[in-house]
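Participant: Handing you this structure, nothing more for now.
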Amino acid sequence: MITYDYNKAEKREPNSRISIPELGLFFCKEEIMQDIIIVGSGIIGASIARELSKYKLKTLVLEKGEDVAVGTTKANSAIVHAGYDAKPSSLKGKLNARGNAMFDKLSKELDFPLKRIGSLVLSFTEDGIEDLKLLKKQGEENGVPGLSILNKSQVFEMEPNLNSNVKAALFAKTGAIVCPYEMTVAMAENAYLNGTEFTFEEEVINIIKETDGYSLVTKNKIYKTKLVINAAGLYADKINNMVSDNKFNIIGRKGQYCLFDREVGNTVGKVIFQLPTKMGKGVLVTPTVDGNLLIGPNAQDIEDKDDFTTTREGIDEVLKKAELSIKQVPVRFIITSFSGIRAHTECDDFIIGEASGAKGFINAAGIESPGISSAPAIAEMVADIVKDKLKPEINSEFNPNRDGIPKFREMSNEERNELIKKDKAYGKIVCRCETVTEGEILSAIRRPLGAKSLDGVKRRTRAGMGRCQSGFCSAKIVEILAKELNVPMTEITKFGGTSNLLTGKNKD
Amino acid sequence: MEIRELVCIGCPVGCSLKVTIKDGKAQKVEGNTCRIGEQYGINECTNPKRIVTSTVIVEGGEERVVPVKTEKDIPKEKIFDVIEELKKVKMRAPVNIGDIVIKDVSGTGVNIIAAKNNKKI
Amino acid sequence: MLEYDIVVIGGGPAGLAAAIKAKDNGIDSILVLEREVKLGGILNQCIHNGFGLHTFKEELTGPEYAQRFIDMVSERNIEYKLSTMVLDITKDKVITAVNGDDGILIIKAKAIILAMGCRERPRGAINIPGSRSAGIYTAGTAQKFVNIDGYMPGRQVVILGSGDIGLIMARRMTLEGAKVKAVVELMPYSSGLRRNVAQCLDDFNIPLKLSHTIIDIKGKERVEGVTIAQVDKNRKVIKGTEEYIPCDTLLLSVGLLPENELSRKASVELSKVTGGPIVDDNLETNIDGIFACGNVLHVHDLVDYVTEESYHAGEEAACFVKGRVKNIKRAEIEVSNGVRYTVPKYVNPDNVDNFINVRFRVDTTYKNVFVSVYFDQMRVMHINKRVMAPGEMETVKLTKSLFEEHKDVSKILIRLEEE
C-alpha cells in the first residue's frame, strides 16, 4: 500500500506549472499514451479519478484552472440530497440515493467533513401537503430510506425558529451537508497517491479522433489517450461537441448565496427546503458543515459562464425568499455573498455514457443538482463503462485512505500539544477567525496537488473564510506562499491567472 | 484682499481658521485656539509645509522596509522630490529610530530619519 | 497551570500602558499576551505622524510611539509572550492560549485586562454586489502590505469610506506612486479627523465624494472598475447618478469593530452601540476582575486617549488585585439627543478621586451646540461647543465635588442642547 506522511516537512518543488521551452514548435508532442484522460477536476472528475485509481490504468486529469474544484464545485449549496427530488426514470433519480448512501464510508476513508443532519421540505399551504406526499412516494421509488411527513407541531419541535406559516414538512433522515471542495481535494489527493497524474492550467482546445483513441490538444501540448472522460462542467458541451455528432448545450444558471456568521449558525439544525410558491422555486436555509448559516440560491440563466459576480437584485431576492422559512433573517450577521453557476442541460438530466459517434469518449456532463450527492455513484457508473472497455487489472496497491490536514480548531488541548511538539508551526495561529495554524497552511501548500494561490489555501484550510474575510490573515498567507513557492510576493495570486494580489513594490 | 478658510492640521482638534491675506502676506488669523494654529494659518498661506512619512528598503532586516520621516516639516511643493530621493535608498539592518537616512533631503536643509527599529536577522 | 495576578490580552498601546501602570502600582506578577511577532499592536503599521501630542508633547509616528511603551515595558521587566494567541477565557478568569514554543498554555489570573483592539468591517458585511476578484482590500490590510511588506496592493485606487484609515491610505498610496481616483463616503460628512481630510485629500487634489456609495465592482481576475452612485438623505441610491470609475483596487474603510469574541466567551456583557464591554468608571466589566481598555472597549481616534484610558485600567486592575472592595452603589449614565454612547456606563460616586473622564461620541455633525449633564433631574453642566463630529471623540469631566453635592445621584444624563 502506498502511504504518505502529510506532516513530513518537505519543501515542494517550486515549479509544478507547465512551462514550455521555446522550441520553435507550436506543439510539443506528448509521447506517453494514456489509458484515460479525464477533462476537468471538479467533484465529478476527481471522484471518477479516485474510482479509476482502484485499477491498473494510466490516468491523467487535465484541468483548465489552477487548482481542483474551481468551477461549479467551489460555490453551491453543499448538500448531499436524500434523493426524492428527481424522477425515478432519470439518471438523477437513479444515482442520487445510491450516491448519498456511500458518503459515510467515503468521508471516513478520505477524511472530509460530513454531517447527516437531515432535511425538511416545508409546505406553507394545506394543499402543499399533497405535493409532499408525492415527493415521499417518488423518494421511496428512488430507494430513499427514512422519509416521513411531519405535522406542524412536529416540525416546530425540530425547528423552533421557522416561520409560523409552515403547515407541514417532508422529513428526510439521510439529507446531509458536506464541504464539496474539501471532498474534491480529498478525492484528487487520493487518486494522485494511487497513481493518477494531474496537470493544471491546461485547457483542452481541440480533440482529434485517432484510430486508437484521441489526441487532446492544449496550448502547450498534445496528449494521447485511449479513452476520454468528459467532466468539464460548464464547458462539457464544448468538449463533447468537438467529437460527438450528438451535440448538446450547457446553459450557465447562476445562483447567489448569502453566508452568515457562526454566531447564528444554529438558527436551523437541518437543511430547510421550500416547496415552490407563487414566488417561484424556493431557496434553502441551512447550516454549513463548518457551522455557518447559508441561504440561497436563486436562479438566473447567464450568457457568460465565467461570470461569478453577485448582484443587488440577486442578494435581495435570496434574503426575501428566506423569510418564508425562518422568522428573522439575521442580516446583521452576513459575512459574505457569492455566486455559483450550475451546468444546466436542456434535457434536465445528467448526460452520462459513451457519446454518439465517438467511441471511447465518455460523458459525465450536465451535472447539476443533485450533482454532489450523486458523484460517488456517477464515478462507479463511469468506472463500469471503462472496465467494460479496457478490462483493467485491479490495483493491488490501492490505498483507500487519505489523511486530511489536521484541524487544530477541532482538537482537544492534549491533541494540540502532541501536534505542536512534532511541529511548532501548529502553535502559530495565522487565521484568527477560524483558528487556522501556520502548520495547516504549510501542509496545504506542501502536500500533493498543494495550494498555489490564496484561494487554494482558503479552500483547504478555511483560512480567510471567517468573519473578517481574510483582512487579518491575507498578508501573512501571501508571505508564506511566496516563501514556499520561492517566488516574489507580487507573483502570488488570489486564484491563478492574472489575479495577482500585489501590483509591485513601493514607489515602483 | 482675500479671506481663506482652512482647517488647521497642527493637532487633531482641527480648528477652522480664517486667514486674511493682503499683498501675498497673511495679515490676520482667526479661529485658532493656540499659537500652533496661528503659526499654521500664516505659514499655510505663505509657505505651506508638511512632514513627510514614507518607507525605504532595508536589506538583511526583520522587515523588508522601514518607516522614515522628515525630521521637521518641509515645503509642501518639495514632497514628491523627497519621494524621488527616497526611491534610491537601500539601508542595511540594523536600523534604529533616529538614524539619519538622508542628510538635507532635496535641498530643504532637513534630514530624513528612521522612525522604527529594524533588527538584523 | 500558570498563575498570574494580572494577565493583559493584547500588547498594543492599550495593553502596554495598562501593564506599565499596573506594575507601577505595585503588581509584579503580570503577563502580556501578544499574537504578533513583536509588541506594538496596530501602531507598528501606522507610519504616519500625529501620535503623542498629548502624552509626550511631541508628534510621533505610530512605531515611535509604540517604542516608547515597549521600552518602558523592558525597563520594568514586565513579562510578555509573543506569537501567542488567546483561544479562550472563562468567567473564572482562566485563559487558554497557544504558541509554538509552549504549546497550549492554561493560565489562571486574578485580574484580566482586555486590550484586543478592533478589526475592520469586510466587504461581505456591507454586501457590495459584483465581482470577488483580486484587488479588494480593507484599508488596514492594504496598509500592512505597504508599510510592513513594502508591496503595493494596486496602482489605480478607489477608496470607500472617509474614516481616518481611508484618508491616511489615500495619502499613503499617492506617495508610493498610485493614483487615488476618489474617496467615496456614504454620509454627507467625513467620519475622519478634519485635519486628515485636509492633509490627505486636499493636499493631493483627491476628490471626496460625499453622499455616495459603491453599487458594483467589475473585474474578472483583478478589479477593473467600480460603479458609484449618489444617495439621498435616507442613504438610498438615486437612480441616474451612476458613474463608472476604472480602477484596479478598491480599499474599504467602512468601520472598525471591537474584537470581543473572547469577551463573549467570558460572559462579559457588551454594548449594542459600541460593540465593546459595558464598564464602570473603573473600566471594570460586569465580571469582577475583568477590565477593558483601548479599541476593544470603544474605537478611539487618538492613541493618546487610549493611553490615558489604559493607564486607568492598569491602576484599577492593580487595586482589584490588592483587594479593593467594589462599591455596590452606582449611578447609571444615560444618553439622548445626539449623544450615541458613553464610556463608562456606570459610575461609583464614592470611588471618584478627583474627577472621571466620560468619553462620548455624537451621531452627526453639530455646530454651536451645548453639552448638558444632568444629575437626576438637575442640570449641572452646560458647555458650549463650536464644532462636534461623529469622527471625534469628546470628553466631559465629572468632578468629585459634583458627586459630593449630589450624594445619592442614581441617573446621570448626557445630551446635546440647542441653547
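The values are calculated or read from the model by the stated rules, or taken from the named source; none is laboratory data. It should be emphasised that the depicted structure is a prediction, and the values quoted were computed from it without experimental measurement. Counting neighbours? That spans all protein chains shown, and the Cβs are built from the backbone with ideal geometry, glycine included. Ligands, DNA and RNA are excluded from the accessible area calculation, which covers all protein heavy atoms including side chains. Shrake-Rupley method; radii C 1.70, N 1.55, O 1.52, S 1.80 Å.
Participant: How many residues does the range B:39-72 hold that are modelled with pLDDT under 90 and of a type in the set (D, E, K, R)?
Facilitator: Total meeting the criteria: 1.
Participant: Of a type in the set (Gly, Ala, Ser), touching a helix residue (DSSP H, G or I) at 6+ places or on another chain (Cβ under 8 Å), away from chain A (no Cβ under 14 Å) and within 29 Å of B:Ile97 (Cβ to Cβ): is that true of C:Ala111 in this structure?
Facilitator: For C:Ala111, the condition - of a type in the set (Gly, Ala, Ser), touching a helix residue (DSSP H, G or I) at 6+ places or on another chain (Cβ under 8 Å), away from chain A (no Cβ under 14 Å) and within 29 Å of B:Ile97 (Cβ to Cβ) - is not met.
Participant: Then there's this: Out of the range C:382-419, which residues are of a type in the set (Val, Ile, Thr), open to solvent by less than 20 Å² (accessible area, probe 1.4 Å) and in a strand (DSSP E or B)? Spell out the reasoning first.
Facilitator: Start the filter on the range C:382-419 by keeping residues that are of a type in the set (Val, Ile, Thr), which leaves C:383, C:387, C:395-396, C:399, C:409, C:412, C:414.
Applying the additional criterion that residues be open to solvent by less than 20 Å² (accessible area, probe 1.4 Å) yields C:396, C:409, C:412, C:414.
Residues satisfying the conditions are C:Val396, C:Ile412, C:Ile414.
Participant: Same structure, new question: Return yes or no: is C:Val296 within 14 Å of chain A (Cβ to nearest Cβ), surrounded by fewer than 20 Cβ atoms within 10 Å (Cβ to Cβ), hydrophobic (A, V, I, L, M, F, W, C) and over 30 Å from A:Val70 (Cα atoms)?
Facilitator: So C:Val296 fails the test.
Participant: Filtering the range A:411-432 down to residues that are farther than 15 Å from C:Thr96 by Cβ and more than 8 Å from chain C (Cβ to nearest Cβ), which residue is nearest to the chain's Cα centre (by Cα)?
Facilitator: Restricting to residues being farther than 15 Å from C:Thr96 by Cβ and more than 8 Å from chain C (Cβ to nearest Cβ), the top hit is A:Cys431.
Participant: Moving to a separate point now. If I ask for residues that are touching a Gly at 6+ places or on another chain (Cβ under 7 Å), assigned to a helix (DSSP H, G or I) and not polar (S, T, N, Q), which ones from the range A:85-97 would you list?
Facilitator: A:Ala97
Participant: If you check every pair at least six apart or on different chains, which have Cβ atoms under 8 Å apart with a residue in the range A:148-161 that is within 17 Å of A:Val271 (Cβ to Cβ) first and a residue that is among the hydroxyl-bearing types (Ser, Thr, Tyr) and open to solvent by less than 80 Å² (accessible area, probe 1.4 Å) second?
Facilitator: Final answer for the pair search is A:Asn161/A:Thr267.
Participant: Confirm whether C:Ala229 is more than 22 Å from A:Leu454 (Cβ to Cβ) and open to solvent by less than 20 Å² (accessible area, probe 1.4 Å).
Facilitator: Answer is yes for this residue.
Participant: Of the residues that sit in the range B:45-56 and are surrounded by 22 or more Cβ atoms within 10 Å (Cβ to Cβ) and not in a loop (DSSP other than H, G, I, E, B), which one is farthest from the other protein chains (Cβ to nearest Cβ)?
Facilitator: Among them, the one singled out is B:Val56.
Participant: From B:Ile36, B:Ile42, B:Ile121, B:Ile100, grab the single residue that is in contact (Cβ under 8 Å) with a residue 60 or more places away in the chain, open to solvent by 30 Å² or more (accessible area, probe 1.4 Å) and more than 9 Å from chain C (Cβ to nearest Cβ).
Facilitator: B:Ile121
Participant: Which residue is nearest to the chain's Cα centre (by Cα), if the candidates are limited to the range A:111-164 and must be among the β-branched types (Val, Ile, Thr) and either in a loop (DSSP other than H, G, I, E, B) or over 23 Å from A:Ile295 (Cα atoms) (or both)?
Facilitator: Initial filter on the range A:111-164 (among the β-branched types (Val, Ile, Thr)): A:117, A:121, A:125, A:129, A:144, A:149, A:155.
If we keep only those that are either in a loop (DSSP other than H, G, I, E, B) or over 23 Å from A:Ile295 (Cα atoms) (or both) as well, we get A:117, A:125, A:129, A:144, A:149.
Details: A:Ile117: 19, A:Thr125: 35, A:Ile129: 33, A:Val144: 23, A:Ile149: 31 Å.
Checking each candidate, the answer is A:Ile117.
Participant: Does C:Lys329 meet the test of being out of contact with any strand residue (DSSP E or B) (no Cβ under 8 Å at 6 or more places or on another chain), open to solvent by 20 Å² or more (accessible area, probe 1.4 Å) and either among the hydrophobic types (A, V, I, L, M, F, W, C) or touching a residue at least 12 places away in the same chain (Cβ under 8 Å) (or both)?
Facilitator: It is true that C:Lys329 is out of contact with any strand residue (DSSP E or B) (no Cβ under 8 Å at 6 or more places or on another chain), open to solvent by 20 Å² or more (accessible area, probe 1.4 Å) and either among the hydrophobic types (A, V, I, L, M, F, W, C) or touching a residue at least 12 places away in the same chain (Cβ under 8 Å) (or both).
Participant: Quick check on the range C:118-130: of everything there that is open to solvent by 20 Å² or more (accessible area, probe 1.4 Å) and in a strand (DSSP E or B), which residue is farthest from the other protein chains (Cβ to nearest Cβ)?
Facilitator: Filtering the range C:118-130 for residues that are open to solvent by 20 Å² or more (accessible area, probe 1.4 Å) and in a strand (DSSP E or B), the one farthest from the other protein chains (Cβ to nearest Cβ) comes out as C:Cys118.
Participant: Which of the residues spanning the range A:303-332 are among the hydrophobic types (A, V, I, L, M, F, W, C) and within 25 Å of the chain's Cα centre (by Cα)?
Facilitator: Scanning the range A:303-332 gives A:Phe308, A:Ile315, A:Val318, A:Leu319, A:Ala322.
Participant: Could you look through the range C:168-191, keep only residues that are surrounded by fewer than 24 Cβ atoms within 10 Å (Cβ to Cβ) and among the hydroxyl-bearing types (Ser, Thr, Tyr), and pick out the one that is nearest to B:Val82 (Cα to Cα)?
Facilitator: Per the criteria, the residue is C:Thr174.
Participant: Just to be sure I understand the filter: pairs with C-beta atoms under 8 Å, separated by 6 or more residues or on different chains, first member in the range B:6-18 and facing chain C (nearest Cβ under 8 Å), second member in a loop (DSSP other than H, G, I, E, B) and aliphatic (A, V, I, L, M). Which pairs pass?
Facilitator: From residues that are facing chain C (nearest Cβ under 8 Å), the pairs are B:Cys11/C:Leu53; B:Pro12/C:Leu53; B:Pro12/C:Leu193; B:Pro12/C:Leu302; B:Gly14/C:Leu193.
Participant: I'd like the residue in the range C:367-381 that is more than 29 Å from the chain's Cα centre (by Cα) and of a type outside the set (S, T, N, Q) and, out of all such residues, is least open to solvent (accessible area, probe 1.4 Å).
Facilitator: C:Val380
Participant: On the basis of being open to solvent by 10 Å² or more (accessible area, probe 1.4 Å) and either within 14 Å of another protein chain (Cβ to nearest Cβ) or of a type outside the set (Val, Ile, Thr) (or both), does A:Leu293 make the cut?
Facilitator: In short, no.
Participant: From B:Lys69, B:Lys78, B:Lys116, grab the single residue that is within 11 Å of the chain's Cα centre (by Cα) and not in a strand (DSSP E or B).
Facilitator: That would be B:Lys78, the only listed residue that is within 11 Å of the chain's Cα centre (by Cα) and not in a strand (DSSP E or B).
Participant: I'd like the full set of residues that are among the small types (Gly, Ala, Ser) and outside any helix (DSSP H, G or I), limited to the range A:377-408.
Facilitator: Once the filter is applied, which keeps residues that are among the small types (Gly, Ala, Ser) and outside any helix (DSSP H, G or I), the range A:377-408 yields A:Ser396, A:Gly404.
Participant: Mind counting the residues in the range C:136-177 that are more than 8 Å from every other protein chain (Cβ to nearest Cβ) and part of a loop (DSSP other than H, G, I, E, B)?
Facilitator: 3
Participant: Among the residues of the range A:97-106, write down those that are within 17 Å of the chain's Cα centre (by Cα) and crowded, with 21+ Cβ neighbours inside 10 Å.
Facilitator: Result: A:Gly99, A:Asn100, A:Phe103, A:Leu106.
Participant: Still on this structure, I have one more. Right, C:Ile287: among the β-branched types (Val, Ile, Thr) and part of a loop (DSSP other than H, G, I, E, B) or not?
Facilitator: Spelling it out, C:Ile287 is indeed among the β-branched types (Val, Ile, Thr) and part of a loop (DSSP other than H, G, I, E, B).
Participant: For the condition within 14 Å of chain A (Cβ to nearest Cβ) and among the hydroxyl-bearing types (Ser, Thr, Tyr), what is the one hit in C:Ser133, C:Ser74?
Facilitator: C:Ser133
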